[in-house]
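Student: Following this message is one structure expressed as C-alpha cells.
The values are calculated or read from the model by the stated rules, or taken from the named source; none is laboratory data. Quantities reported herein were computed from a predicted structural model and do not represent experimental measurements. When we count neighbours, we look across all protein chains shown, and the Cβ atoms used for this are built from the backbone with ideal geometry, even at glycine.
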Amino acid sequence: MRRSSYQGGYRSLSRADAIDADDDVNHDRWLVSYADFMTLLMAFFVVMYSISQVSEEKYRILTETFNEAFNLSGYSDAQPIRDSSSGNDANDVPEFFTRITEQLDKSFESLIEDEFITVTGDERWLQIELQSAILFGSGGAVLSRPAEAIIGELSAAMLAYNNVIRVEGFTDNVPIKNRLFSSNWELSTARATAVVRLMESQGVEPSRLAAVGYGEHQP
C-alpha cells in the first residue's frame, strides 16, 4: 500500500505517487510544442524574407536616385547632341540644350573640329568635355589664359538657364606629392574648383555649381 502524508496542511506525495502522476501525462504533448515551434520558425522566416524584400527595394530606389543625381547611367550611351533630331517627343533633346550646342559650335568651331572640346548628352543632361592640354599645365591647377576665355564663353552661355552644373576634374596617372597637392585626388579637385570659381566670377549662381575630383582613376 502506498502512503501519503500531510505536513503543515499540505500533502506530500511519495515517489510512487509521482510515478503514477507521470503515467497520466499525455505523451503526445511534445507534438503541440513542436508544432508551435515550427509555426514560430516559419513566421520568423516570413518576417526575414519581408525585411530582405524591403531592403532590396530601398537599395534599388537608392541606386536609381544616385544614378539620376549623378548621371551615372548616361555616359556609356552618350551621343553628340548635334546629331539629335528635334521634335515634340518626350525623349527629344530639350530646346535649350540644342541652343547651347549651336552657340558652342559657333564660338568654338575650330576647337570642336580638333576635338579639344566635345559636346555630348541626351534629353536629361549636357556634357561638355575640355581636354586638359588647353586648361592646365602638367601637375598644376591654375587655368591657362585660353582656358579662362573658353570658360568665360561657357559661363555666358549658361547664364540664361538655371540647370545644375557639375564640373569634373581629372589628372594623368603620374603620381604627385608636393607642398600643394598630396595626391592626384587633391589636384583633380583643385582643378574642378578652379573652373567653378571662374564660372562663379562670371555670374553663374554658386547654388548651381558643384566640383568633383576623380584623381588619376579616370585620366
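Student: Can you name the number of the only condition in (1) among the small types (G, A, S); (2) in contact (Cβ under 8 Å) with a residue 24 or more places away in the chain; (3) surrounded by 14 or more Cβ atoms within 10 Å (Cβ to Cβ) that S144 fails?
Tutor: Answer for S144: the failing condition is (2).
Student: Continuing with this model, one more query. Search the stretch 113-141 for residues being small (G, A, S) and buried (at least 18 other Cβ atoms within 10 Å of the Cβ), and hand back the single one that is nearest to R179 (Cα to Cα).
Tutor: A141
Student: Oh, and also: Could you check the stretch 108-219 for helices (runs of 4 or more DSSP H) lying wholly inside it with 3 or more residues that are more than 22 Å from E95 (Cα to Cα) and within 27 Å of the chain's Cα centre (by Cα)?
Tutor: Correct list: 184-201.
Student: Under 7 Å between Cβ atoms, at least 6 apart or on separate chains: pull out the pairs that start in the stretch 115-127 with a residue that is without any contact (Cβ under 8 Å) to a residue 40 or more places away in the chain and in the same structural domain as M158 (by TED's automatic domain parsing) and end on any residue that is part of a loop (DSSP other than H, G, I, E, B) and surrounded by fewer than 19 Cβ atoms within 10 Å (Cβ to Cβ).
Tutor: F116/Q131; E123/N91; E123/D92; E123/P94
Student: Right, another one. Would you pick out the residues in the stretch 166-185 that are closer than 22 Å to L209 by Cα and surrounded by fewer than 19 Cβ atoms within 10 Å (Cβ to Cβ)? Lay out the reasoning, then the answer.
Tutor: We begin by selecting, within the stretch 166-185, every residue closer than 22 Å to L209 by Cα; these are 166-171, 184-185.
Listed by number, the residues that qualify are R166, E168, W185.
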